[in-house]
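Okay, so here's the structure we're looking at.
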Amino acid sequence: MSTVLPAGTVAPEFSLHVTPDQKLSLSELRGRPVILAFYPADWSPVCGDQMALYNEILSEFQKHNAEMIGISVDGSWCHAEFGRARKLHFPLLADFEPKGDVSKKYGAYREADGFCERALFVIDKNGKIAWSYLSPVGVNPGADGILQALEELPK
Amino acid sequence: MLTPPVSSKDHLQGDEKSPIVLVEYGDYQCPHCGHAYPIVKQIQKHYGKRLAFVFRNFPLNEAHPYAQAAAETAEFAGTKGKFWEMHDAIFENQMSLAVPMLVELAGSFDLSGEELVAALEKHEFTAHVKSDFISGVRSGVNGTPTFFINGHRHEGPFEFEDLVGSIDMRISRDEK
């Protein structure tokens with residue numbers, strides 16, 4: 001398993017496609033907490049998968065003014081269709097070119113498989129990692145850790 | 001761990017003081033929960049009076065358009081003392097889940113369909129279902145169904161043998 005960036009580290013900046021013709025940078029979100037969820041791939045076969053779960057819990061994240069972002073190595077066209085089919089109400093970033101570049105910076109890339117780990121980061125409003133968690137790749141880590149981390153952020 | 005613990009606010013079958021308390025977080029429209037439904041019945045039969053069963057709502061509304069209405073219908077029936085009848089009937093008719101079907105089920109239990117429709121429209125039970133959902137999130141529920149045995153999350157598959165294995169292990173640990 002990888003070693004993900006620990007709490008206290010400055011979250012590496014990135015700028016990735018959020019739609020085929022738009023990019024999103026981490027620095028654009030400065031001033032509010034960001035939840036960064038790396039996941040292996042769109043279209044996982046189970047219902048109630050990780051992204052579907054976060055979609056249901058968005059209102060809880062929003063109580064902390066937090067921005068939820070999913071990241072995988074899938075391309076933005078794939079993300080667009082996945083997001084549409086699952087009615088996801090948060091952005092999915094494409095760590096597609098160079099493949100896995102951002103995931104590697106966060107220690108959340110599986111070289112042997114060529115896709116992301118299931119890794120979670122809560123980044124504080126100043127751009128520093130407040131909490132991180134690496135889940136076994138087959139296990140949906142749920143959201144209890146994220147909520148607890150958001151609650152523990154200094155106001 | 002299960003947060004909050006089982007209390008009188010829960011829908012419980014059996015005796016709250018049973019040595020085994022099995023809690024399911026479920027979604028009435030989730031096919032995996034439909035699969036688990038007869039298994040839970042088997043588990044209840046297997047352990048008899050030694051086991052109490054609790055059902056809490058965890059509807060994934062974006063994925064399952066009727067899950068919320070179904071959960072609210074069961075809660076509505078619960079206020080009339082018919083929670084388990086409705087819970088069972090919804091799972092037994094999961095393939096044809098829709099609002100008119102829920103109204104029909106209400107009728108079959110001598111509950112007013114009009115009252116049910118009004119309760120759904122006024123979102124009378126929405127907050128209750130939501131609070132179940134949030135408790136699930138806090139307890140580490142990551143999909144449906146998720147089972148807890150005496151407050152501890154059951155991991156992995158949930159076929160009859162898996163749940164029995166997990167329950168027996170929990171009993172032997174609790175007895176130590």
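The values are calculated or read from the model by the stated rules, or taken from the named source; none is laboratory data. The structure displayed is predicted, hence computed values, not measured ones. Every residue, glycine as well, gets a Cβ built from its backbone with ideal geometry; the counts of neighbours run over all protein chains shown.
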Practice task
Scan region B:121-173 for residues that are away from chain A (no Cβ under 14 Å) and either more than 16 Å from B:Leu2 (Cα to Cα) or free of Cβ contacts under 8 Å to residues at least 60 places away in the same chain (or both) and report the count.
Solution key: 19
Problem - Those residues of region A:68-88 which are in contact (Cβ under 8 Å) with a residue 24 or more places away in the chain, more than 17 Å from A:Asp101 (Cα to Cα) and hydrophobic (A, V, I, L, M, F, W, C), in sequence order - result: A:Met68, A:Trp77, A:Cys78, A:Ala80, A:Phe82, A:Leu88
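Show me the strands (runs of 3 or more DSSP E) found entirely inside region A:62-155 where at least 1 residues are farther than 30 Å from B:Pro65 by Cα. Quick ask: steps written out before the conclusion?
Details: elements: A:67-72, A:92-94, A:118-123, A:129-135.
Those strands (runs of 3 or more DSSP E) span A:118-123, A:129-135.
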Handout entry: Residue, farthest from the other protein chains (Cβ to nearest Cβ), within region B:7-35, restricted to residues that are touching a helix residue (DSSP H, G or I) at 6+ places or on another chain (Cβ under 9 Å) and part of a helix (DSSP H, G or I)
Key = B:Gly34
Practice task
Test A:Ile57 against the stated conditions and say whether it is within 10 Å of chain B (Cβ to nearest Cβ), surrounded by fewer than 24 Cβ atoms within 10 Å (Cβ to Cβ) and within 17 Å of A:Pro141 (Cα to Cα).
Solution key: yes
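Could you say which residue among A:Ala37, A:Ala11 is among the aliphatic types (A, V, I, L, M), within 14 Å of chain B (Cβ to nearest Cβ) and in contact (Cβ under 8 Å) with a residue 60 or more places away in the chain?
On the way: A:Ala11 fails: within 14 Å of chain B (Cβ to nearest Cβ).
Only one candidate qualifies: A:Ala37.
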Practice task
May I ask you to verify whether B:Gly107 is in a helix (DSSP H, G or I), within 17 Å of B:Val6 (Cβ to Cβ) and of a type in the set (Gly, Ala, Ser)?
Solution key: no
Handout entry: Subset of region A:119-136 that is within 14 Å of chain B (Cβ to nearest Cβ) and out of contact with any Gly (no Cβ under 8 Å at 6 or more places or on another chain) - its residue that is surrounded by the most Cβ atoms within 10 Å (Cβ to Cβ)
Key = A:Ser135
Fill in the blank from the handout: For region A:87-109, the count of residues that are modelled with pLDDT under 95 and crowded, with 19+ Cβ neighbours inside 10 Å equals 1
Practice task
Assess whether A:Val18 counts as being modelled with pLDDT of 95 or more, of a type in the set (Val, Ile, Thr) and over 26 Å from A:Gln148 (Cα atoms).
Solution key: yes
